[in-house]
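Asker: One structure, pasted below without further comment.
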């Protein structure tokens, strides 16, 4: 794909017409991809051109400018994958900004680019005071000798798919829906930086990446990720956080932990995170309230859970290990057996037995965590103030109350999943999935 950044240097190709689409293309989401697909179907011998405005200088001068889903290099690669022959990144100069839309169409799209087909989304605007739109392009099409197509926006869950919506989803941490609207998993691409090389001391590989301030990122936390490096793909845990760097500034940093194979084996507490490696060992970052998070000797672990001040691990044999203490000063889980699932919060820890009964240590905020009479339970979850259990028949039972004094689930039915969090950030499932593409140099 040819990339043109100097529109003044463009000369018309008299031998080949152009099929062109215009837009910001931030994220190169499914709506953008529909435009590119239309051009691919129409192409015979013409060039497919993606025309976008380069506003990086304006963004750099505006501290309040919105961040981009992908940086410039990432966007270029994604656009190239759509079968584009030429990408024009037109500098958004004063001349371009003040150009009348009719002049833009005649002098640039028609005269310089030899355009025979223009395809845009129905909300695209251009030219002085954003006066150019689909109606103007359609009106000028017969005069200028090109075909024009305006494409309605796609919708998802009743909302128009847009870069703005996807940015909102990423900020909220709804990676699953953001990935669906992007058309592929959200990713970060960058050079691996030299860190403190602590991974060599603790037996598993790590890699560090910093990212530019212009790129939008999901919330700080731990994510299940796929890493592409030197043409090979690896499963990894991804920790996203801030580190103190040069001249006491804070940089956003992604750190990749070893190789994992189960996305449900990643958890984060208030001040520490843990992940299970594919060999059953556990790695951790940070410390709980008691400055403890020593999980280096754990083995044969299949799942982990983290509260504010303690971390627990479920072993293959159904026994549970722990480090730290919950707020009740208790984390006695060593007599538990036949455990198939665990959950933890600041005040208490829960274990689900293979026979559907539940055990607990500690208590929620109101001093209650009576789960001893629960039966036929297939899943458990706990918040800071309450605990819920999902029964095999789809009904739900609860102990304690949430912060609003409510936890009446007695009339719930046909439930297939439940989740709680209060005071902790838990990122255990595919809805928090991200992909990191690492270029090693």
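Asker: Going by the structure shown, is residue 366 part of a loop (DSSP other than H, G, I, E, B) and at pLDDT 75 or above?
Answerer: When the stated conditions are applied, residue 366 does not pass them.
Asker: Residues that are at pLDDT 75 or above and within 29 Å of the chain's Cα centre (by Cα): which strands (runs of 3 or more DSSP E) entirely in region 283-341 hold 1 or more of them?
Answerer: 301-306, 310-315
Asker: Would you check if there is a residue in region 91-99 being farther than 18 Å from residue 164 by Cβ and in contact (Cβ under 8 Å) with a residue 40 or more places away in the chain?
Answerer: Yes.
Asker: Out of the residues in region 342-359 that are more than 32 Å from the chain's Cα centre (by Cα) and either at pLDDT below 85 or assigned to a strand (DSSP E or B) (or both), which is surrounded by the most Cβ atoms within 10 Å (Cβ to Cβ)?
Answerer: Residue satisfying both the conditions and the ranking: 358.
Asker: Got a sec? Which strands (runs of 3 or more DSSP E) wholly within region 54-159 have at least 2 residues that are surrounded by fewer than 19 Cβ atoms within 10 Å (Cβ to Cβ) and touching a strand residue (DSSP E or B) at 6+ places or on another chain (Cβ under 8 Å)?
Answerer: 86-91, 147-151
Asker: To continue, here is another question. When the residues of region 181-206 are narrowed to those that are assigned to a strand (DSSP E or B) and at pLDDT below 75, which ends up nearest to residue 27 (Cα to Cα)?
Answerer: 190
Asker: If you take the residues in region 207-224 that are assigned to a strand (DSSP E or B) and touching a helix residue (DSSP H, G or I) at 6+ places or on another chain (Cβ under 9 Å), which one is modelled with the highest pLDDT?
Answerer: Once the filter is applied, the top-ranked residue is 215.
The values are calculated or read from the model by the stated rules, or taken from the named source; none is laboratory data. Note that the structure is a prediction, hence the values are computed from the model and not measured. Every residue, glycine among them, receives a Cβ derived from its backbone with ideal geometry; neighbour counts consider all protein chains shown.
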